[in-house]
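Worksheet for the structure shown next.
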Amino acid sequence: ESLVELIDVHRRYAGTVAALRGVTLSIEPGELVGIVGPSGSGKSTMLHLMGTLDRPDAGRVRIDGQDVTELDDRKLSRLRARTIGFVFQQFHLPTGVPAVDAVADGLVYAGVPRATRRERAARVLERLGLGHRLGHRPDQLSGGEQQRVAVARACVGSPALLLADEPTGNLDSAAGDELVEVLFDLCAQGTAVVVVTHNLDLAGQLPRRVEVKDGLVREDRLTEVR
Ligand code: ADP
Ligand code: ADP
């Protein structure tokens, strides 16, 4: 069974042309998928729908077998907390909070006891090469390190799906390359990762690329990259 299914999805915002005009797309567990295309083509809208942050005007969105259009807001936020992690271009880390606590926060809704949360947070940060930064606050970390903390925070609850919107947008190319490694590692652990990116270098390294234009999927290509 697919982890994500968009079936003939339409989305129009008030006062604009349609953002999505009939998108059909499935994503399997553990897949690493890039979504590329010009600015305004509907990439973020697709990501928001996959993240259950938004609902389609027409068509179906199924996440982990559940039809998003049939769930009320409370059930949706539970599905989201259990299944989906988010990473943004701006790292969105809480200011003044040490890395280990920022990551441990990612487990609050999973009902994990506090001490266990910090242990698991430390373990994930170590896996991402940040074992020496546990007590550092965001302003004491480089951009690349902050983004890896943000990924750790999104992934500490082992979501089936990680959604990343321009995750390398504020990183230099070395930090961007490191982030790509982190994403590959996550996929190796079974998390499906969907990345919206303008970064051609990043997109070129992804095994599956979906090109979006004018609210439609124009190409959906698998490549042998590794
Ligand atoms: P992309 O991520 O490819 O840049 P978006 O999904 O952000 O594209 O946007 C698709 C279209 O929908 C654009 O025309 C954009 O201006 C419009 N749009 C996106 N979000 C909103 C919103 N919240 N309100 C109104 N229009 C929006
Ligand atoms: P930008 O558009 O400058 O790249 P981000 O990548 O930070 O901004 O955010 C992408 C989208 O995700 C925005 O539409 C924003 O409203 C939304 N967003 C940002 N933070 C959160 C959050 N914590 N939870 C849900 N949606 C968010």
Taking first residues from region 81-96 that are within 16 Å of GLU145 (Cα to Cα) and second residues anywhere that are of a type in the set (Phe, Trp, Tyr) and in a strand (DSSP E or B), the pairs with Cβ under 9 Å that are 6 or more apart or on different chains are HIS92/PHE86
For region 4-20, pairs from a residue that is open to solvent by 70 Å² or more (accessible area, probe 1.4 Å) to a residue that is more than 12 Å from ligand 1 (Cβ to nearest atom) and in a strand (DSSP E or B), with Cβ under 6 Å and 6 or more apart or across chains, are ASP8/GLY22; ASP8/THR24; ASP8/GLY59
Checked LEU20, LEU32, LEU3 against criteria (hydrophobic (A, V, I, L, M, F, W, C) and within 12 Å of ligand 1 (Cβ to nearest atom)); the one match is LEU20
Can you find a residue that is among the polar types (S, T, N, Q), away from ligand 1 (no atom under 16 Å from the Cβ) and in a helix (DSSP H, G or I) anywhere in region 82-90? yes
If we ask which residues in region 85-126 are open to solvent by 50 Å² or more (accessible area, probe 1.4 Å), within 22 Å of the chain's Cα centre (by Cα) and of a type in the set (Lys, Arg), their number turns out to be 2
Looking across region 84-121 at residues that are among the small types (Gly, Ala, Ser) and farther than 22 Å from PRO167 by Cα, the single one that is farthest from ligand 2 (Cβ to nearest atom) is ALA115
Restricting attention to region 40-63, the residues that are of a type in the set (Asp, Glu) and either modelled with pLDDT of 95 or more or more than 16 Å from ligand 2 (Cβ to nearest atom) (or both) number exactly 1
Going through (1) open to solvent by 30 Å² or more (accessible area, probe 1.4 Å); (2) part of a helix (DSSP H, G or I); (3) within 16 Å of ligand 2 (Cβ to nearest atom); (4) under 30 Å from VAL23 (Cα atoms) one by one, LYS75 fails only at (3)
Condition set open to solvent by less than 50 Å² (accessible area, probe 1.4 Å) and of a type outside the set (Asp, Glu), scope region 28-39, selection nearest to ligand 2 (Cβ to nearest atom): answer is ILE35
For region 40-68, the count of residues that are in a strand (DSSP E or B), open to solvent by less than 10 Å² (accessible area, probe 1.4 Å) and either over 17 Å from ALA164 (Cα atoms) or of a type in the set (S, T, N, Q) (or both) equals 1
Just checking, does region 144-163 include any residue being open to solvent by 70 Å² or more (accessible area, probe 1.4 Å) and over 28 Å from LEU79 (Cβ atoms)? no
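The values are calculated or read from the model by the stated rules, or taken from the named source; none is laboratory data. None of these values were measured; they are calculated from a predicted model. Ideal geometry is used to build each Cβ from the backbone, glycine not excepted, and the neighbour counts take in all protein chains shown. Each accessible area value is taken on the protein alone, full model and side chains, heavy atoms only, with ligands, DNA and RNA left out. Shrake-Rupley method; radii C 1.70, N 1.55, O 1.52, S 1.80 Å.
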